[in-house]
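S.K.: Dumping the structure here so I can ask a few things about it.
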Amino acid sequence: MRFVLLLLATLALAAHPALAQDAGGRSKSYALVIANGRAIDPETGLDAVRWIGIQDGRIAAISATPLEGAQVLDAAGLVIAPGFIDLHSHGQQLAGARMQAFDGVTTALELEAGALPVASTYEQVAKEGRPINYGFSANWLFARIAEKEGMEPDGSPSFFARAQSRSNWQHALASPVKTARIVARVEQGLKEGALGIGVLAGYAPGFGHKEFYALAKLAKTYDVPTFTHVRFMSVIEPQSSFEAFEEIVSLAATTGAHMHIAHLNSNSTRDIPAIAELLRGARARGVPVTTEAYPYAAGSTVVGAEMFRGNWRERLGGAAASDIELAGKPFDDATLADAQEKTPGAIVVVHYMRPETSPADQAFLDEAVLFPGGAIASDAMPWLLDGKTIGGDTWPLPAGAYSHPRSAGTFSRFLRDYVRERGKIDLREALGKVSLIPAQILEDSVPAMKLKGRLKVGADADIVVFDPAAVSDRATYTAPNATSVGMKFVIVNGTPVIREGELVRDALPGLPVRRPVVAH
Ligand SMILES: [Zn+2]
């Protein structure tokens, strides 16, 4: 009798290929299984119903038939995709990372600005813990402020705001000796494991071309990318956006450094077609330039920024003071001048195009967002309350917490607007722009990224499970403090941080993305 039962059990197993088997032929159970969802992998083109088995933070099995798990998450009717990788997130506080998790982000990297000092920044974030993965480039601008102003970067969020009241670092050339010292500070950051060099050129437009050349050569020496906010933002020559993008193409061509350009949408203003053509031409000829965009036509920066000085209206293609808003309230000329004088570090939103009323502006924005080979990246800003960064374990964000809506909604907005509502790009290709492409932009210099942005056996279990019919941003310019909706599960290194659409508050499985530290 016992033999018959065993035989039946064996037959049942054979007839039910559902249970994966290990090398000994025993059925295997995984720590976590995502069951019965539409699995989409942008790399292989997989688009079919699958069960995903997760073990030890990695994807251990992808099966067309059911898998067993200690925990099983039901994904019926939902899309399973690689977690979103954000190359451009300044919202590196715990609350900012949680807002991004609701938006499907499983890795948020601060690359355009970066950090300085690098090692202690990684250590401090690790101590606090994060729901999602994090990482930093080495911040050139902070190295420049240190050498030009004698202000030592201390890792505090207020350092950059405090520097706004000085101007040497923004406008003055550095001597060859000072340039060497600036470059040495950046190199120290690379030795401490930074992912590349952050170059906020647009905030110090008076720095030397030779200084930039030295940074590009350093990047090539370490085989890491630079991540640049370009030097100029204007539709009028000289000192135009076009000229600033040309500078990057030239440096990449002459040094061989991979040079990534931040937010094609905002830095190009209404000159996007000409600049997109410039970048397409460079890429077609093998020049190592890459780019990214976010699906909003308003940017966010400090009110004291160089872009709001002089003939800034014409340079921004006909902007008005009322296109600049502080906490949802537009400026007039007098209040703008007053804010520039008294609170130059205050964070404002600036509408540089108006796609809601102008079809031409919508077409400009679309060209940047859909740029072939370009990533979607949020440029998420820190969340502020009364002008101060919200730090620590604050959750939910208090009423009145303020940021640019892209800090909460970039990725869901892209899926809602460009895929579902306007059908500008199909879902599989769109998922490539938020996962595979950003991973590929980094993976030559950071091999760990080869295990991200893919739904394949052996990859990191950074996974989103969402409803393609419901995924949506809710954050607006006047009410940015609203999480995105539609993400049923967001899994980071095998641990759900969003479960049934809710934050798992004590889940902090985020790990550093970092290059090996060079002993010194
Ligand atoms: Zn920027």
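The values are calculated or read from the model by the stated rules, or taken from the named source; none is laboratory data. As the structure is a prediction and not an experimental result, all values here were calculated from the model. As a convention, Cβ positions derive from the backbone with ideal geometry for all residues, glycine included, and neighbour counts pool all protein chains shown. What goes into the accessible areas is simple: the full protein's heavy atoms, side chains included, and nothing from ligands, DNA or RNA. Shrake-Rupley method; radii C 1.70, N 1.55, O 1.52, S 1.80 Å.
S.K.: Within region 314-326, does at least one residue satisfy the condition of being more than 16 Å from the ligand (Cβ to nearest atom), open to solvent by 40 Å² or more (accessible area, probe 1.4 Å) and touching a Pro at 6+ places or on another chain (Cβ under 7 Å)?
M.R.: yes
S.K.: For the list (1) open to solvent by less than 10 Å² (accessible area, probe 1.4 Å); (2) modelled with pLDDT of 95 or more, I need the number of the one condition that ARG58 fails.
M.R.: (1) is the only condition that ARG58 fails.
S.K.: In addition: Sort out which residues of region 305-342 are part of a loop (DSSP other than H, G, I, E, B) and either under 24 Å from the mean Cα position of the chain (by Cα) or closer than 29 Å to ASP366 by Cα (or both), and write them in order of number.
M.R.: Correct list: ALA305, ARG309, ASN311, LEU316, GLY317, GLY318, ALA319, ALA320, ALA327, GLY328, PHE331.
S.K.: Now, a different point. Please work out if THR269 is farther than 21 Å from ASP361 by Cα and within 16 Å of the ligand (Cβ to nearest atom).
M.R.: Values: farther than 21 Å from ASP361 by Cα: no; within 16 Å of the ligand (Cβ to nearest atom): yes.
Answer is no for this residue.
S.K.: Please find, within region 74-97, the residue that is farthest from the ligand (Cβ to nearest atom) out of those that are under 22 Å from the mean Cα position of the chain (by Cα) and assigned to a loop (DSSP other than H, G, I, E, B). Walk me through how you get there before you give the answer.
M.R.: Of all residues in region 74-97, those under 22 Å from the mean Cα position of the chain (by Cα) come to 79-97.
Filter again for assigned to a loop (DSSP other than H, G, I, E, B), leaving 83, 87, 90-93.
Details: GLY83: 23, LEU87: 12, HIS90: 8, GLY91: 13, GLN92: 15, GLN93: 18 Å.
The qualifying residue farthest from the ligand (Cβ to nearest atom) is GLY83.
S.K.: Of everything in region 110-129 that's assigned to a loop (DSSP other than H, G, I, E, B) and surrounded by fewer than 24 Cβ atoms within 10 Å (Cβ to Cβ), which residue is farthest from the ligand (Cβ to nearest atom)?
M.R.: Step one: filter region 110-129 for residues assigned to a loop (DSSP other than H, G, I, E, B), giving 116-117, 129.
Retained after the next criterion (residues that are surrounded by fewer than 24 Cβ atoms within 10 Å (Cβ to Cβ)): 117, 129.
Working: PRO117: 21, GLY129: 27 Å.
Within region 110-129, the match that is farthest from the ligand (Cβ to nearest atom) is GLY129.
S.K.: Condition test on PRO496, is it over 15 Å from SER435 (Cβ atoms) and part of a strand (DSSP E or B)? Break it down into steps so the answer makes sense when it comes.
M.R.: Details: over 15 Å from SER435 (Cβ atoms): yes; part of a strand (DSSP E or B): yes.
So PRO496 passes the test.
S.K.: Now a separate question. Please go through region 128-164 and give me each residue that is within 18 Å of the chain's Cα centre (by Cα) and charged (D, E, K, R), ordered by number. Step through it out loud before you land on a result.
M.R.: Initially, region 128-164 is screened for residues within 18 Å of the chain's Cα centre (by Cα), giving 130-139.
Answer for region 128-164, where residues must be within 18 Å of the chain's Cα centre (by Cα) and charged (D, E, K, R): just ARG130.
S.K.: Let me ask you something else. Restricting attention to region 243-266, which residues are more than 15 Å from the ligand (Cβ to nearest atom) and β-branched (Val, Ile, Thr)? Steps first, answer last, please.
M.R.: The initial filter retains those residues of region 243-266 that are more than 15 Å from the ligand (Cβ to nearest atom), namely 243, 246-247, 249-258.
Of everything in region 243-266, those that are more than 15 Å from the ligand (Cβ to nearest atom) and β-branched (Val, Ile, Thr) turn out to be VAL249, THR254, THR255.
S.K.: Only residues that are open to solvent by 10 Å² or more (accessible area, probe 1.4 Å) and of a type outside the set (Lys, Arg): list them for region 283-295, please. Reasoning before the result, please.
M.R.: If we filter region 283-295 for residues that are open to solvent by 10 Å² or more (accessible area, probe 1.4 Å), which is where we start, we get 283-288, 290.
Listed by number, the residues that qualify are ALA284, GLY286, VAL287, PRO288, THR290.
S.K.: Failed condition for GLN71, given (1) open to solvent by 10 Å² or more (accessible area, probe 1.4 Å); (2) away from the ligand (no atom under 16 Å from the Cβ); (3) assigned to a strand (DSSP E or B); (4) within 30 Å of HIS258 (Cα to Cα), with all others met?
M.R.: Tallying (1) open to solvent by 10 Å² or more (accessible area, probe 1.4 Å); (2) away from the ligand (no atom under 16 Å from the Cβ); (3) assigned to a strand (DSSP E or B); (4) within 30 Å of HIS258 (Cα to Cα), GLN71 fails exactly one: (4).
S.K.: What number of residues in region 472-512 are closer than 22 Å to SER403 by Cβ and touching a helix residue (DSSP H, G or I) at 6+ places or on another chain (Cβ under 9 Å)? Explain how you work it out, then say what you get.
M.R.: Pass one, region 472-512, residues closer than 22 Å to SER403 by Cβ: 472-487, 490, 492, 497-498, 501-503, 505, 508, 510.
Now drop any that are not touching a helix residue (DSSP H, G or I) at 6+ places or on another chain (Cβ under 9 Å), which leaves 472-476, 480-487, 490, 492, 497-498, 501, 503, 505, 508, 510.
Residues meeting the conditions: 22.
S.K.: Here's a follow-up. Would you call PHE142 in contact with a helix residue (DSSP H, G or I) (Cβ under 8 Å, 6 or more places away or on another chain), within 16 Å of the ligand (Cβ to nearest atom), of a type in the set (Phe, Trp, Tyr) and on the phi < 0 side of the Ramachandran plot?
M.R.: Values: in contact with a helix residue (DSSP H, G or I) (Cβ under 8 Å, 6 or more places away or on another chain): yes; within 16 Å of the ligand (Cβ to nearest atom): yes; of a type in the set (Phe, Trp, Tyr): yes; on the phi < 0 side of the Ramachandran plot: yes.
Yes: the conditions hold for PHE142.
S.K.: Say we look at region 373-428 and pick out the residues that are within 20 Å of THR343 (Cβ to Cβ) and crowded, with 24+ Cβ neighbours inside 10 Å; which of these is farthest from the ligand (Cβ to nearest atom)?
M.R.: So, considering only residues that are within 20 Å of THR343 (Cβ to Cβ) and crowded, with 24+ Cβ neighbours inside 10 Å, the one farthest from the ligand (Cβ to nearest atom) is TRP383.
S.K.: Of all residues in region 285-308 being in contact (Cβ under 8 Å) with a residue 40 or more places away in the chain and of a type in the set (D, E, K, R), which is nearest to the ligand (Cβ to nearest atom)?
M.R.: Going through the qualifying residues, I end up with GLU292.
S.K.: Only one of these is of a type in the set (Ser, Thr, Tyr), without any contact (Cβ under 8 Å) to a residue 60 or more places away in the chain and on the phi < 0 side of the Ramachandran plot: SER137, SER89, SER63. Name it.
M.R.: Numbers: SER137 fails: without any contact (Cβ under 8 Å) to a residue 60 or more places away in the chain; SER89 fails: without any contact (Cβ under 8 Å) to a residue 60 or more places away in the chain.
When all the criteria are applied, what remains is SER63.
S.K.: Regarding region 347-357, can at least one residue be identified that is open to solvent by less than 50 Å² (accessible area, probe 1.4 Å), in a loop (DSSP other than H, G, I, E, B) and among the polar types (S, T, N, Q)?
M.R.: Of the residues in region 347-357, the ones open to solvent by less than 50 Å² (accessible area, probe 1.4 Å) are 347-353, 355.
Pick out the ones that are also in a loop (DSSP other than H, G, I, E, B) and you get 352-353, 355.
Filter once more, so that each one left must be among the polar types (S, T, N, Q): none.
The answer is no, given that none of the residues of region 347-357 is open to solvent by less than 50 Å² (accessible area, probe 1.4 Å), in a loop (DSSP other than H, G, I, E, B) and among the polar types (S, T, N, Q).
S.K.: Same structure, new question: Across region 454-471, what is the number of residues that are open to solvent by less than 40 Å² (accessible area, probe 1.4 Å), within 18 Å of ASP103 (Cα to Cα) and out of contact with any helix residue (DSSP H, G or I) (no Cβ under 7 Å at 6 or more places or on another chain)?
M.R.: The qualifying residues number 6.
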